[in-house]
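Working notes, beginning with the structure itself.
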Amino acid sequence: MLLVTGANGQFAGWVIANLLEMVGPKGFAVCSRSTDSDRAKDLAAKGVSVREGDFDRPETLPGAMAGIDKVLVIPTYAVNSVRLQQNLNALEAAKAAGVKHIIYPSFLGAGPDAMAEHSQLVHYPTEQAIQASGLTYTILRHALYADIMVDDLDETLKRGALLRAGATGASTYVAREDLGRSAATVMVQDGHENRIYSETMERSYTGADIAALISEVFEQPVRFESLSPDAWVEFIHDNWGVPYEIGNSTRGTMRGLENGEFDIVTGDYAAITGAPPRDFRQFLVDLKAKRDAA
């Protein structure tokens, strides 16, 4: 039996959509601290087992993981100062419940000296704990989400400018939707035991590259305007309502982006799924088609 944690999240939604295709609603379970959400109710109506599981309340986790063979432990969007303990709570519960295989979505370049705070303080020590746990594991290091470059697409098109940090730094990206397919594949298939994958598109992009692709696909001129890490924190607070406590933790990620820390290209995604992920242009073409159809 398979389990997806954090079932109400965006990445989890794509994993779940793929599992419904691959194994059907009886082939997996989900857990969330919010089992009365619209998504949880919809999944339950489809026949998926919906379980309560809150990383901040460890006593809820063994029951959520009972009878589970493979679990995808998706980290929360809490502040970094508590995320590591949340992950460790989930890991201990998995061990106690007899889970055999843990799958963890980490971040590209996770390590003790990573510039990204969440890589250094959350993902890398979580990876180390998983590898020392005695459980079979698969670690999926995600590139930056392509989605974050179009979260405010309407505003970008209206102002004619893509406002992001990064200066001239290049980075690889990958769409949440594509990552949902690869994670589901790892859950369903054997052959990925004790592996660390770095999942990226097959080329890297600068902010200017992405602005040019937006201009081409949406047929409106868009330029790239680079924000400093400090200005980025203010931008996401003022425009997206991101609390400063979380926004401040992204400064290192933005410095890493500027310095090319995420300019890493691999073929790991295709090694999992048998096909490469969409490149950024195709990601935008598909997004436009969805918007036009809406």
Within segment 125-168, of all residues that are without any contact (Cβ under 8 Å) to a residue 12 or more places away in the chain and charged (D, E, K, R), the one nearest to Ser81 (Cα to Cα) is Asp154
Has segment 208-224 got any residue that is farther than 17 Å from Thr156 by Cβ and either among the hydrophobic types (A, V, I, L, M, F, W, C) or at pLDDT below 95 (or both)? no
For segment 231-273, name all the residues that are part of a helix (DSSP H, G or I) and aromatic (Phe, Trp, Tyr). Trp232, Phe235, Trp240, Tyr244, Tyr269
Criterion (modelled with pLDDT of 95 or more, in contact with a strand residue (DSSP E or B) (Cβ under 9 Å, 6 or more places away or on another chain) and surrounded by fewer than 21 Cβ atoms within 10 Å (Cβ to Cβ)) met by exactly one of Ala161, Ala146, Ala129: Ala161
Which residues, taken from segment 186-195, are outside any loop (DSSP other than H, G, I, E, B) and either small (Gly, Ala, Ser) or surrounded by 19 or more Cβ atoms within 10 Å (Cβ to Cβ) (or both)? Val186, Met187
Of all residues making up segment 80-110, the number that are part of a loop (DSSP other than H, G, I, E, B), exposed (fewer than 14 other Cβ atoms within 10 Å of the Cβ) and not basic (Lys, Arg): 1
Test set (1) part of a loop (DSSP other than H, G, I, E, B); (2) under 21 Å from the mean Cα position of the chain (by Cα) - Ala183 fails condition number: (1)
Pairs, please: C-beta under 7 Å, at least 6 apart or cross-chain, first residue over 14 Å from Tyr137 (Cα atoms) and without any contact (Cβ under 8 Å) to a residue 40 or more places away in the chain and in segment 79-93, second of a type in the set (A, V, I, L, M, F, W, C) and surrounded by fewer than 20 Cβ atoms within 10 Å (Cβ to Cβ)? Gln86/Ala78
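The values are calculated or read from the model by the stated rules, or taken from the named source; none is laboratory data. These numbers were taken from a predicted model, which means no experiment stands behind them. Every residue, glycine as well, gets a Cβ built from its backbone with ideal geometry; the counts of neighbours run over all protein chains shown.
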